[in-house]
Structure formats: structure tokens, C-alpha cells
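The values are calculated or read from the model by the stated rules, or taken from the named source; none is laboratory data. A quick note: this is a predicted structure, and the numbers were derived from the prediction, not measured. Every residue, glycine among them, receives a Cβ derived from its backbone with ideal geometry; neighbour counts consider all protein chains shown. All accessible areas refer to the heavy atoms of the entire protein, side chains included, with ligands and DNA or RNA removed. Shrake-Rupley method; radii C 1.70, N 1.55, O 1.52, S 1.80 Å.
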Amino acid sequence: MGHVLNNTIQDILVRRARLEGKEVLWLPGTDHAGIATQARVEKELGKENPPRTRYDVGREAFVDMVWEWKNKHGGIIIKQLKRLGCSCDWERERFTMDDVYAPEVARVFTELFKEGLIYRGRRMVNWDPVLRTALSDEEVIMTPTHSKLYTVRYKLSDGSGQLLVSTTRPETIMADVAVAVNPNDPRFAHLIGKTVVRPLCEADIPIIADEHVEIGFGTGALKITPAHDRVDFEVGSKHNLEIIDILTPDAHINCPGCPELHGLDRFVARDKSIELLEAKGLLEKVEDYDNNVGMSERSHVPIEPRLSMQWFLKYPCVKEAAEAVANGDIVFRPAHWAKTYAHWLEGIQDWCISRQLWWGHRIPVWYRKDKAEELQNAPKLDEADAEAGDIYVGVTPPSDPENWLQDEDALDTWFSSWLWPFSTMDEECRKTFYPTSDLVTGPDIIFFWVARMIMAGYRFTGQKPFSNVFFTSIVRDLKGRKMSKSLGNSPDPLDLIAKYGADGLRFGLMRIAPTGTDVKFDEKQIEEGKNFANKIYNAARFRMMQGEASTQPAPKFSAVHIDILSKLKELHGTVADALGKYEFNTYTQALYSFFWNEYCSLFLEAVKNDLRDGDPAFRNATLFTMDTVLRHYLALLAPIMPHIAEELWQSLGFAARTEGKPLMSTPLPSADTLLAGMDETEVSKARALASALYETANRARNLKAEYNLATNKNVRFVLKPTLPVNDDLVGRLALLAGAREASVQADYDAPKGTPTALTPFGELFLPLEGLVDVDAERTRISKELEKINKEISKSNAKLGNASFVDRAPAAVVDQERARLAEWESKKAQLETMLSALG
RNA sequence: GCACGGGUAGCUCAGUGGUAGAGCGGCUGUCUUACACACAGUUGGUCAGGGGUUCAAAUCCCUUCCCGUGUACCA
């Protein structure tokens, strides 16, 4: 659903831009999703009988298998987008591992390496023990977890006592190389420099002093396990401590010195280690403890901090990237994301770009065979080693491949995706389309992708990669959970399209999710989109049933015709303004309410008689107006509901005017042609009359409803006008109100108790000419009076307040006075009616 | 902990100083010759709580509570 939302927004921008006559490039493509795709294929291998691993298959054959899988399944998203109607430039579809893109990635790697920004180093990384690869910091999700805090007794080697040490990871005790206390902690000052006995895999380890230990926290003593904790690693380095790694890549214990735990899974070993400690009498206590555990975004298991040889990138152009957003060169919408972005850039750490995967861009680095082993274990490799001729870095393999070994690792997928905006374009294309205009994406990848693309843009093109970034809503289910493939809580867009149509899906989703705040997906909303499409279709069909418009006799326009054309003109402005500001909500609302309320419910209902047996001059005006409205409206609608707009454009015959060209490649009809010959005052007069007519019709319907005559078409209305009202308007009033007739009688003498409503045209009477329930009437009127009296006293209080009258704008005060007058008159009316009933 | 969103009708959401809105749902009627995926009417709200500024607060300020997201973390 996220893709549907995202791509609908892009399609709206793209289609609208085309209608505005712009040349548009929308270049579709996909990335190779390194981890996810490889894991998927490995899973399939594991299901075979007998199960196989990628190592059984071998690198080359395995990569072929992934390609095969990709070719089979990678097209699904593309298919969905096509079904959704996305007007991409499909011939330019790109893939991050295609023949043109891949060398680009290697080239960029080489360039950054030569610049010294990429280096290889032995560092603490986030290790995923299931996928057996390093991850970037962004791929680790800190998750609140209910854990246990174990307090363990570390005996002093000289037997003079013990130190209590708390830990959440007793299974790593064998890798402890020291116990640290704060140098300023008086409780332990005398112990610094002594040794304690490591309680598992026993050995004497020193008690050291380090500021990092908080005096007030826990027991005040901290075990130091440099191989399995980031902070401990730093403390260890500072104090030159040994690093004992007791975990295998898949997080099993590797400690022959402790045979009871050796070979066990880390969590099994945790329980077992507690048993061992308890048996030795070294377990002081166990407490419940809530902490945050880093989980792999991919495999959902706790990551291991692990000392490992990896490739890192010092981000380029961080300053330019930060400034571009801060100074508005690149505009984020909603704007508040700029803060999140700035905060991330401030604390930015080097990016671990190597992955222990086979599916992806293999790192373009080769090691001299005769020194390979030595190089593998070097603490750091960079440009200096290349200059020394020990390693080779380049887009193409070395000329004497037999003497070199290529690095086994692949690059993080984002290390290719971050080049997308410009790597997908050739020189010629860039001249026209780079920097690009809009990026539409989810806020969940603001760091993974957006920030990195901006940095890459500045570094490799010297420019921003795009001018606007629109962050979409995150689509959640009704329980508030993010929709995702793994949760299985997202409906299949193809199913929704089958059920509601692509246009229904697009419109329905945009109606609830356009502002960039998260949204709960409800299929009901999509049904509304379908209903709207249906409404448009029916309205168009209604027009088709009427036949051709004619210029003979000359069309005669009534106020309602001018009114709807004027509203259409207004809609043009609203749409242009809303889309210009990326306010998709305003866009959809305006489209919806114009068509359903203004055009169908008011205008069409008011002109139906023109089409039946009315004045042919009116008929021609009405047909002309319908055609004008539909023609303009379809063009305004097309960006969001392209299928129905195009279909009706053809079947209503509008395409014939442009030699059959589709709406998609027709310029947007100009709003200036609407009511071109009319002066402003004439138009606003017509609008006022039409508005008065609709308001009067409403009052008339209300009167009918109040007397339970809502469906009775035999009623008649009498209007005692205060304004000049012509026959045309009165006729339309009767039609709108569903009455046999409406008549104007300036001297009408209403029988006592005749229901009446105050309308913009004057007093409107509904002669009852039949029986009404007098008691029910009396009750109803009394209730009404009660309500009105309340309003009147509220209004009086307000107007009696000197500061309101003095300080509020005159218009507001006048408005209040008008309201009061209206209530007073209504009150008088009701009182008359009440007395008439006796 | 810090930062950013959000809390408005039964539901999903608009509304940033001037009479609380839409669609859906509920309830009443209606197969009115474009549309029952519809039409007409109607019912729903102490705008999370408290305090403040203002003639006037859903809207601005302070504060508390709840939900979501990001980020940092002490074993």
C-alpha cells in the first residue's frame, strides 16, 4: 500500500506537469535488495531435499540462481505499478545491477577509495548472526526488551573478598578481560590494581579504573568484555587489554576452556552459564530488567557487536547536504522532517558498506595472492596500500588476474541506490532533467536513501539531486501497525484494483493519506473512490443520452449555468494552487465536492427540465455548459483518475477536437476561456442568484420534510418575494424542491398556521391544504423556539460586550448583528405560527 | 533521556484566532426516466485534561496524560 500511495502521488505530479505542457521524465526502476533477495533464495535452497546452502552451490551458480529468481519475481512491483496506471517511461526501466549501473558503482567506489574516504578496517560492527553479515547502524532497531540482570560474585584472587558485578550477558563472562570501577569511587579505590578470578573459564583478570563506570549505577563494578560490547571495546583499547572472542559467526559459544558451554547457542549458553555460576555459589541475584536490545531489521534477532574486518565510508559532502536542506535549496515536505535529517547528519558515523553476501556488487578490490593472508589481517587498508601495489582497486579486474584474489564481500545495496538520480541518466539526459524536480518517498528511508542521495549528488555531480522531497504518509492497518510484507497485513493492490478499479484505489487512498501524517488504512475508503468513479461515469452517461448541442436557437444562459461555469473556473485555480503546493488533500477534496455537490446535486438537478420539454434555447445552453464542465473537469481529474478521465474524454467526443489525441497528451484547457465575454459584476450577480435559488430550494425541502411531505410531489410553494424573481428561477425552484409548482404572489394572504420559511428571495409558504397533526406541530414549534431563544441571548450577550463591539473587526460585528436579526425574525414567525395553532 | 508527529462525530480524517466540517456508519423516507455504488432528510462533538494570553482559542503560550516515530543509552 505504501507503494500505491507513493506512486499515485508521483503519477499525479507527472501527469499534471504533462498537461501543463512540460516535458517530463519519470524513470522507473528497482534495486536489487541484497539481503532480502539473497535470504529468500537461500530459504528455498534450505527447503530442498536434502537441504542445501549457498556454499554447497558455490558462488557463481548461486548468483545465477538469484538472477533467475529476480527475473521471475522482480517484475511484480512493476506490474502493480502498470496496473495502477503509473505513466512511467517504461522503456527506460533500470535496475541497480544492470550492465550500465554496476560499473558506475564500482567507479564510485574506486574514486572514493583513491580519495581516502573508503578504507578497510577491523572495527566493531553490527553483526547479524542469522544472515552472517555486518549491517549498518541504520539497519539495527533498538527494541525495548524485558531482560534479566544477573549479579555475579567475582572473587578477589588473594582471597580477601569479592566484587559484585551485574550483567545481562553472563554467557560472555569467558571473554571478560577485566573488571572496571570508577577511579573516584571510594568503595573500590583500594582494589584498583588487584585481580579477581573470572568466574567462568577461570583466570585472574585485573581490576582497572575507568571514568566510564557510573558510581551510582548497579554495583559500581563493570565487567569488561572487549570482543562483545562496543563500549567495552573502547575501554579495552584504552587500557590495552586483550580481546577474547568466544562467539562464532552464527553466535555459538567458541570456548574450549569452558567445555560445558562450548558449542552452545548464545541463548542456551546464557541459561547454562547461570546454572554453572549458581552451582559454584557465585550467583548473587537475578532481577527483572528492561533494556534496549539492538535487533536486526532483516532477521529480527539480536545483533552481536562483533570485531570484524569491513569496508567503511567516511561520508562525503556532509556539510553541503546539511546546508542544502537548512537553507531551502532542497525543500522537505512536511517541513518537520528537516529537523530529523539535520540531527542525523550531526552525529553521523562512518558507513559500514561491506556485506558478507554474494548477491550484489562485489567489492572491486583485489589482493596480491602472495600477500593475501597478511593483507586480510591488516588493521587498516587504504590508498597507501594500493600505491604500494599490494591491493588493486578498479572498475575492471587487474590485467593479470591469476596473481590476485578479489575481495569476497558485496556492497550494501544502498551504496548503489544512493547514486540513482544521476546514474540512471546519460550525459544528454542529464542536460535536460538533472537536477530532478521531485522525490516522493517514505520517511522511513530518510537516512538510508534520501540523505545519502543528497550527499552523492553533491559529491559526484556538484549539484543537488532533486529540489523537492515529499515524504508520504506511512500506511498502517486499523490496529496502527505499519503495513508490511512480513506482517502480511497489507492487501494486495492487484486485488483492490480488481475490486474497486485502479482509479478508485488511487482516489480513495489519496483522500485519506495526502498530508504526510500516518494514516490508518480502511478498505471502506477505497470503496468511496469507486463510488466516486461511478458517479462520474453516470454523470457522463447522462450527458451522452442527450445528443448533440446546437447553436440554433442561440443558447440562453440562466444564472445556474453561469454559476457552475464560474465555479469551474474557480476549481481550475484551486487545483493549480493545491498541486503547486503539494496539497493533495485540497486537490482531492476540491475535485470531489465540485463534481458531486456543485455539478451533480445542484446544477444538474436545476437544469433537468431544460433537457426534457423546456425552452430549446435553454436546452442548448445546458448542453453547452455540460460539455464545457465535463471537458475541463476531466482534464483536472486526469492526474488522479487517469483511466476514467481518458475513457470519458474519448466517449464524450472531446478527443475529436484534437484529432483523436488522448487527453494525456492534450494541453490543459485554459480557464481563461470560461465566461470570457462576461464582466465580473454580471458573473457575481448570477452566482448570488443561483446561490439564493439553491438556498431557497433547501428551505423548501426542509419545510416538506418537517411536515413529513418529503416525498410528496404534489405540494406547491408560494413565494412572497422581497427580490425580483423571474419565472426561470421559480421554475427551477419547483424542480429542485420536488414540487408540483412554485408561484410568486406578492399579495399572498396565507391561511393561519401555514408553514413558512424565510428564504433569500423572501417568505416561502407551503400551503398545507390538508390535515396536519396540530399537537405535534405545537410541540415542534415550541422546541424550535427554545433553541432560538438560546441563540438570541448568546448573541445579545456578545453584542452587549463593549470590548467586542469596539475591538472586533466591523465585518465580524455586522455579521453578528445580522445573525441576531435573523433569529429575531424567525422567532416572531414561529410565535405567529404558534398562536395561529391556538 | 532527547527530538518530532498526533489525540476533533461511532469509524477514517480535514480544519492554525471570528457561528465546529467531510465521507462513511446510524436512524427516517424514496426503485423521483444519469447514478440504490443513488436521492432527500436526520442523528452524532466540554475539539485528551488543567491553566494562561485575547473582546474572541480546536487554533497561540505553559503544563499533565495517552498514542506513534526517530534518536541516544548504564553494565
| note | Across the stretch A:94-119, the tally of residues that are assigned to a loop (DSSP other than H, G, I, E, B) and surrounded by fewer than 16 Cβ atoms within 10 Å (Cβ to Cβ) stands at 5
| query | Inside the stretch A:397-467, counting only helices (runs of 4 or more DSSP H) that do not spill past its ends, which hold 2 or more residues that are modelled with pLDDT of 95 or more, in contact with a Lys or Arg (Cβ under 7 Å, 6 or more places away or on another chain) and closer than 25 Å to A:Thr340 by Cβ? | reply | A:452-461
| field | Extreme residue, farthest from A:Gln38 (Cα to Cα), among residues of the stretch A:341-370 that are among the charged types (D, E, K, R) and touching a residue at least 40 places away in the same chain (Cβ under 8 Å) | value | A:Arg362
| note | Of A:Leu630, A:Leu623, the only residue that is more than 8 Å from RNA strand B (Cβ to nearest atom), closer than 17 Å to A:Glu570 by Cβ and not basic (Lys, Arg) is A:Leu630
| query | If A:Asp672 passes every condition in (1) in a helix (DSSP H, G or I); (2) more than 12 Å from RNA strand B (Cβ to nearest atom); (3) closer than 17 Å to A:Asn534 by Cα; (4) not small (Gly, Ala, Ser) but one, which one does it miss? | reply | (3)
| message | So, restricting to strands (runs of 3 or more DSSP E) that lie completely within the stretch A:178-248, which ones have at least 2 residues that are touching a residue at least 24 places away in the same chain (Cβ under 8 Å) and away from RNA strand B (no atom under 13 Å from the Cβ)? | response | A:195-197, A:204-209
| Do you know which of the residues in the stretch A:15-51 that are free of Cβ contacts under 8 Å to residues at least 60 places away in the same chain and among the charged types (D, E, K, R) is surrounded by the most Cβ atoms within 10 Å (Cβ to Cβ)? | A:Glu42
| Among the residues of the stretch A:569-581, is any surrounded by 19 or more Cβ atoms within 10 Å (Cβ to Cβ) and under 23 Å from A:Gly653 (Cβ atoms)? | yes
| remark: Taking the stretch A:675-685 and keeping residues part of a loop (DSSP other than H, G, I, E, B) and surrounded by fewer than 12 Cβ atoms within 10 Å (Cβ to Cβ) leaves A:Ala676, A:Gly677, A:Asp679
| Any idea which residue in the stretch A:519-549 is nearest to A:Met483 (Cα to Cα), counting only those that are open to solvent by 50 Å² or more (accessible area, probe 1.4 Å) and over 40 Å from the mean Cα position of the chain (by Cα)? | A:Met545
| said: For the stretch A:568-584, give me the residue count where each residue is over 30 Å from A:Phe332 (Cβ atoms) and touching a residue at least 40 places away in the same chain (Cβ under 8 Å). | reply: 2
| message | Anything in the stretch A:686-711 that is farther than 13 Å from A:Leu758 by Cα, near RNA strand B (Cβ under 9 Å from one of its atoms) and open to solvent by less than 70 Å² (accessible area, probe 1.4 Å)? List them, or say none. | response | A:Lys704, A:Ala705, A:Ala710
| field | Residue tally, condition touching a residue at least 60 places away in the same chain (Cβ under 8 Å) and open to solvent by 70 Å² or more (accessible area, probe 1.4 Å), over the stretch A:273-285 | value | 3
| query | Cβ-Cβ below 6 Å, separation at least six or inter-chain, first residue in the stretch A:300-319 and closer than 17 Å to A:Gly457 by Cβ, second open to solvent by less than 20 Å² (accessible area, probe 1.4 Å): which pairs? | reply | A:Leu313/A:Ile118; A:Leu313/A:Trp351; A:Leu313/A:Ile353; A:Tyr315/A:Met455; A:Pro316/A:Met455; A:Cys317/A:Met455; A:Val318/A:Leu345
| said: Looking at the structure I just gave you, is A:Ala251 surrounded by 14 or more Cβ atoms within 10 Å (Cβ to Cβ) and among the small types (Gly, Ala, Ser)? | reply: yes
| message | Take the conditions closer than 21 Å to A:Val365 by Cβ and within 16 Å of RNA strand B (Cβ to nearest atom) and apply them to A:Ser136. Does it pass? | response | yes
| task | Can you work out which of the residues in the stretch A:533-585 that are basic (Lys, Arg) and under 13 Å from A:Phe624 (Cβ atoms) is nearest to RNA strand B (Cβ to nearest atom)? | result | A:Arg543
| said: Can you report the number of residues in the stretch A:468-484 which are of a type in the set (D, E, K, R), in a loop (DSSP other than H, G, I, E, B) and within 16 Å of the chain's Cα centre (by Cα)? | reply: 2
| query | Residue check, A:Thr472 against (1) buried (at least 21 other Cβ atoms within 10 Å of the Cβ); (2) over 29 Å from A:Phe532 (Cβ atoms), all met but one. Which one? | reply | (2)
| message | Residues that are over 28 Å from the mean Cα position of the chain (by Cα): list the helices (runs of 4 or more DSSP H) wholly contained in the stretch A:295-396 that include at least 3 such residues. | response | A:372-376, A:383-387
| remark: Scanning the stretch A:504-532 for residues that are near RNA strand B (Cβ under 8 Å from one of its atoms), assigned to a helix (DSSP H, G or I) and within 19 Å of A:Phe470 (Cβ to Cβ) gives A:Arg511, A:Ile512
| note | Scanning the stretch A:256-271 for residues that are open to solvent by 10 Å² or more (accessible area, probe 1.4 Å) and hydrophobic (A, V, I, L, M, F, W, C) gives A:Leu264, A:Phe267, A:Val268
| task | Select from the stretch A:377-402 the residues that are in contact (Cβ under 8 Å) with a residue 12 or more places away in the chain, surrounded by 13 or more Cβ atoms within 10 Å (Cβ to Cβ) and touching a strand residue (DSSP E or B) at 6+ places or on another chain (Cβ under 7 Å) and list them in ascending order. | result | A:Lys380, A:Leu381, A:Asp382, A:Ala386, A:Asp390, A:Ile391, A:Tyr392, A:Val393, A:Pro398
| query | Quick one: is A:Lys720 within 14 Å of RNA strand B (Cβ to nearest atom) and either part of a strand (DSSP E or B) or open to solvent by less than 50 Å² (accessible area, probe 1.4 Å) (or both)? | reply | no
| request: Would you check if A:Gly501 is small (Gly, Ala, Ser), under 22 Å from A:Ile644 (Cβ atoms) and either away from RNA strand B (no atom under 11 Å from the Cβ) or touching a residue at least 40 places away in the same chain (Cβ under 8 Å) (or both)? | output: yes
| said: Can you report the number of residues in the stretch A:660-669 which are at pLDDT 90 or above and assigned to a helix (DSSP H, G or I)? | reply: 2
| query | Looking at this structure, is A:Asp290 away from RNA strand B (no atom under 11 Å from the Cβ), of a type in the set (Asp, Glu) and open to solvent by 10 Å² or more (accessible area, probe 1.4 Å)? | reply | no
| With A:Ala36, A:Ala17 as the choices, which residue is modelled with pLDDT of 90 or more, part of a helix (DSSP H, G or I) and small (Gly, Ala, Ser)? | A:Ala17
